[in-house]
Amino acid sequence: MQAPGFSLTSKVDDGGSLRLHLSGRVTLVDGAALWRQLHTTGSQNGATEIDVGGIERLDGGAAALLTAFAAKRSAAGATMRLVGARGETAKLLGLYDCSRLGDCEHPIPKQPGLLVDIGEFTHSAIRTTKAILAFGGDLVVGMVHAVRQPRTVHLTDLGSLIERAGSDGIPIVLLINFLVGAILGLQGAIQLHRFGGDYFLANLVGLSIVRELGPLMTAILVTGRSGAAYAAELGTMTVNEEIDALRTLGQDPQRFLVFPRVLALTLVLPILTILGDLIGTLGGLAIAVTYLQQPSVVYLQSLQQSVGLDDVGTGLLKSVAFAVAIGLISCQRGLATRGGAAGVGRSTTSAVVVVLFVIIALDAVFTWIFSMLGW
Amino acid sequence: MPKVLQVRDLAIGYDDEVLLDEIAFDVQRGEVFAILGGSGSGKSTLLRTLIGLQEPLQGRVHFTGIGPPARAMTPPSFGVLFQSAALFGSLTLLQNVLLPLQKWTRLSAGAAVAVAMGRLRLVGLERFAHHLPSEVSGGMRKRAGIARALALDPPILFFDEPSAGLDPITAAELDDLILTLAGGLMVTIVLVTHELPSIFKVADQCIMLDLSAGGIIARGAPRDLAERSNDARVLAFFRRTPLARST
C-alpha cells in the first residue's frame, strides 16, 4: 500500500498539552489513514493543538475530517484547536468548520422496536381501512352525480381499459383455470375412485369451480394484472403531480380516472369468470377421460345435472363484488401514494395485498349468505 | 490558468442526425463556465456528451489532469448535479452523499459519515441529513445534489440548469453557493443555464448555442456579449426579447 502523502507527528509540551504537527499533502485519497492516525495519536484528554501550518495541499474531504475530529474531541470534553492555518488551508477549514453552527454531532435515529412496529402496523391498517371506506363513499356519491350528469364521466379510455383488463387477460385466465380444474379433478378422482364414486367427479369439479374457484382464481389473476397496474399508474401520476394538475383543471380524479377503471373491471370480470368456469370444468373432463377412463358424455351429463343456473349466478354475483373491490382499492392505494418511486412500489404492493385479503373475506361472507339463503 | 477541459470539433445529435456541429471551446481551471442557449438549443445534450452519458457523433472531449468520463465500475472524476437533482428517493440525504464515498474510498464508516456531514454542512443541510428527498423542498434537493456531486472532491463539477424551478431567493442562494465552491474550493464549474441573473452573477466565460445555426454563435464574458455583441440572436437572449424586436 502506498504511504500517505501527509505526515502527522506528536509532541507533549512542558505544560502537558499534546501538540500534533500535520504537514504534506492532506487529501481525501489518504482520508482513511488520516482518520486512523488522528484517533491513534490525538485521542488524549486535556488540551490538544493540531498545527496545520505545514500543509502543502488540503482538499475538502480532508478538511471535513479534520473539523469533524476537532468537534468530536471537543464534545468528549477535550480542548482541540486547529492552529497555524493560512491561505487556502484557512479558507477551506473555515468553510467546513461546524463550531459556529453549534452541535456538530447529529445522532442517527434509533430503529423502532418490535412493539412499536406492531403498533404502527395496527394504526396503519386502521388508517388504510378508513381511507378505503371513505374512498368508497366518495365513489358512490360520485356515481350518483355521474348518473345525473353522464357527460362529466371520462369514458374515452374505457375501451382500452376493457381491452387491457379483459381480452389481454383471457389467455392467462384460461390457462390457470384449466390447470386448477385439472388439479382439482385429479385429487378428487383419486379419492372418489376408492369409494366407487367416479360418477360424482363432475359434481365435485363443476360446483367447486363454478361457485368458488372460478370467480376466486379469476379475481386473483385480475388483481395481479390490472389491480397492480392501476395502483402503479395512479401512484406514478400522483408523485408526478399529474393528479394535482387534474384538480387545478377542474377535473375530479374520481370521475376522470377511477370510474372508468371500476366500470371496466365490473364489465370484464364476470365475462372472464364465465370463461374461467367453462375451461375449469373442461380441466376436470380431461382428468375424467384420461385418468378414470370415463366417457366424456357421462361427465358432461353429470355436470349438467349438478350445476344449475343459480350456481353460476352466485359465482357471477361474487365476481361483480370482486371487480368493485379490485378497482376501488387499487385506485385508492394509487392515489394515496407518497414518496417517489419507492412510494409507488409500496402502494402497488399494498394494493395487491389488501385486495387479496378483501376478496377472500368477501368470498367467505358471500358463501355464508348464500348458504343461509339456500342458494 | 491551465486548461482543465478541451473540446475539439465536437458534433452531437441523435441517430446520426446532427444537432450541433464544430463545437470547440476550452475551460480554464477554477473558472465558472456557462453553456447558454434557448430551450431546445442542445445545451443539456452537450452536457451529457461532456460527462460521457452520450457518445458524440464526432470530435473529442479531453480532460487535462483528471480521468475520462465516468463509466460503470470506474471512479468518477467529476461531479454532476442533474436538473432534477436525481437523488435516490429511498435513501436519506446523508445516505445519498455517502454512496460514492462508500463505493470509491477506503474510509471507515465513521470517517465517511464525517466527510458526508461536512459536505451537507457546506450546503447548509446538516440538520436535514436524515430526511428523505421527498421530505425536503426542491431547492434543498438541489443543494443535496451538489453535496453528493462534491463527495469525492472532484476538480470539476457539471451543473444542469441548477436554478430551474427555484424561487428567486433560493436561486440567488444557489448562485452564492456556486461562487463559494469556485472561490473557496477552487473547483472548476461548467453549468448549463438560461437564467440571466445567475449567468451575470457567477459565470466568468460562456458560449451560446443555437440549434438553427447548428453550433456556437457567441463566446466570451457574459457582460461583454450582452453589451457588445452584433448578433441579433445573442442580443435577443440577453435582452429577453423576441428576435424581431431585439435589434
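The values are calculated or read from the model by the stated rules, or taken from the named source; none is laboratory data. Small disclaimer: the values here were computed from a predicted structure and weren't measured. Cβ atoms come from the backbone with ideal geometry, glycine included; neighbour counts cover every protein chain shown.
Values as computed for the structure displayed
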{"item": "Every residue from segment A:136-187 that is aromatic (Phe, Trp, Tyr) and over 28 Å from residue A:211 (Cα atoms)", "result": "none"}
{"item": "Test result for residue B:149, within 12 Å of another protein chain (Cβ to nearest Cβ), over 27 Å from residue B:193 (Cβ atoms) and at pLDDT 90 or above", "result": "no"}
{"item": "Residue pairs meeting the criteria (Cβ under 7 Å; at least 6 apart or on separate chains; first outside any helix (DSSP H, G or I), in segment A:133-155; second of a type in the set (A, V, I, L, M) and surrounded by 11 or more Cβ atoms within 10 Å (Cβ to Cβ))", "result": "A:153/A:146"}
{"item": "Helices (runs of 4 or more DSSP H) fully within segment B:91-203 counting 1 or more residues that are without any contact (Cβ under 8 Å) to a residue 60 or more places away in the chain and of a type in the set (Lys, Arg)", "result": "B:93-104, B:109-122, B:138-149, B:196-202"}
{"item": "Subset of segment B:90-113 [facing chain A (nearest Cβ under 10 Å), at pLDDT 90 or above and closer than 14 Å to residue B:136 by Cβ]", "result": "B:92, B:94"}
{"item": "Criterion: over 35 Å from the mean Cα position of the chain (by Cα), more than 24 Å from residue A:358 (Cα to Cα) and of a type in the set (A, V, I, L, M) - qualifying residue of A:204, A:158", "result": "A:204"}
{"item": "Among (1) in contact (Cβ under 8 Å) with a residue 24 or more places away in the chain; (2) more than 30 Å from residue B:87 (Cβ to Cβ); (3) surrounded by fewer than 19 Cβ atoms within 10 Å (Cβ to Cβ), the one test that residue A:341 misses", "result": "(2)"}
{"item": "Which listed residue, of A:248, A:266, is surrounded by fewer than 24 Cβ atoms within 10 Å (Cβ to Cβ) and modelled with pLDDT of 95 or more", "result": "A:266"}
{"item": "Test: residue in segment B:200-212 that is touching an Asp or Glu at 6+ places or on another chain (Cβ under 8 Å) and crowded, with 22+ Cβ neighbours inside 10 Å", "result": "yes"}
{"item": "Every residue from segment A:43-68 that is within 14 Å of chain B (Cβ to nearest Cβ) and over 16 Å from residue B:106 (Cα atoms)", "result": "A:43, A:57, A:58, A:59, A:60, A:63, A:66, A:67, A:68"}
{"item": "Hits in segment A:7-41 (condition: assigned to a helix (DSSP H, G or I) and free of Cβ contacts under 8 Å to residues at least 24 places away in the same chain)", "result": "A:32, A:36, A:40"}
{"item": "Residues of segment A:209-227 that turn out to be small (Gly, Ala, Ser), out of contact with any Gly (no Cβ under 6 Å at 6 or more places or on another chain) and buried (at least 20 other Cβ atoms within 10 Å of the Cβ), as a count", "result": "3"}
{"item": "Only listed residue being of a type in the set (A, V, I, L, M, F, W, C) and either within 26 Å of residue A:330 (Cα to Cα) or crowded, with 21+ Cβ neighbours inside 10 Å (or both), chosen from A:317, A:300", "result": "A:317"}
{"item": "Whichever residue in segment B:114-132 is at the interface with chain A (Cβ under 10 Å from one of its Cβ atoms) and within 20 Å of the chain's Cα centre (by Cα) and, among such residues, is nearest to residue B:181 (Cα to Cα)", "result": "B:122"}
{"item": "Neighbours by Cβ (under 6 Å, 6+ apart or cross-chain): first from segment B:26-52, free of Cβ contacts under 8 Å to residues at least 24 places away in the same chain and over 16 Å from residue B:216 (Cβ atoms); second of a type in the set (S, T, N, Q) and surrounded by fewer than 23 Cβ atoms within 10 Å (Cβ to Cβ)", "result": "B:48/B:54"}
{"item": "Selection count, segment A:206-220, where residues are of a type in the set (D, E, K, R) and closer than 18 Å to residue A:324 by Cα", "result": "1"}
{"item": "Test: residue A:122 is under 23 Å from the mean Cα position of the chain (by Cα) and modelled with pLDDT under 90", "result": "no"}
{"item": "Breaking point among (1) buried (at least 23 other Cβ atoms within 10 Å of the Cβ); (2) within 44 Å of the chain's Cα centre (by Cα), for residue A:26", "result": "(2)"}
{"item": "Single unsatisfied condition, residue B:210 versus (1) touching a residue at least 12 places away in the same chain (Cβ under 8 Å); (2) touching a Leu at 6+ places or on another chain (Cβ under 7 Å)", "result": "(2)"}
{"item": "Any hit, segment A:33-42, residues being more than 18 Å from residue A:2 (Cα to Cα) and away from chain B (no Cβ under 13 Å)", "result": "yes"}
{"item": "In segment A:312-335, the residues that are over 13 Å from residue A:223 (Cβ atoms) and either within 14 Å of chain B (Cβ to nearest Cβ) or polar (S, T, N, Q) (or both)", "result": "A:314, A:332"}
{"item": "Matching residues in segment A:1-48 - criterion: being charged (D, E, K, R) and modelled with pLDDT of 90 or more", "result": "A:25, A:30, A:36"}
{"item": "Test set (1) acidic (Asp, Glu); (2) at pLDDT below 90; (3) buried (at least 21 other Cβ atoms within 10 Å of the Cβ) - residue B:126 fails condition number", "result": "(2)"}
{"item": "Within segment A:337-375, tally of residues that are within 14 Å of chain B (Cβ to nearest Cβ) and part of a loop (DSSP other than H, G, I, E, B)", "result": "3"}
{"item": "Helices (runs of 4 or more DSSP H) (entirely within segment A:203-307) containing at least 2 residues that are farther than 23 Å from residue A:338 by Cβ", "result": "A:214-222, A:259-290, A:296-306"}
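Every residue, every condition in (1) crowded, with 22+ Cβ neighbours inside 10 Å; (2) β-branched (Val, Ile, Thr); (3) more than 14 Å from every other protein chain (Cβ to nearest Cβ), yes or no:
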position	(1), (2), (3)
A:4	no, no, no
A:13	no, no, yes
A:16	no, no, yes
A:22	yes, no, yes
A:70	yes, no, no
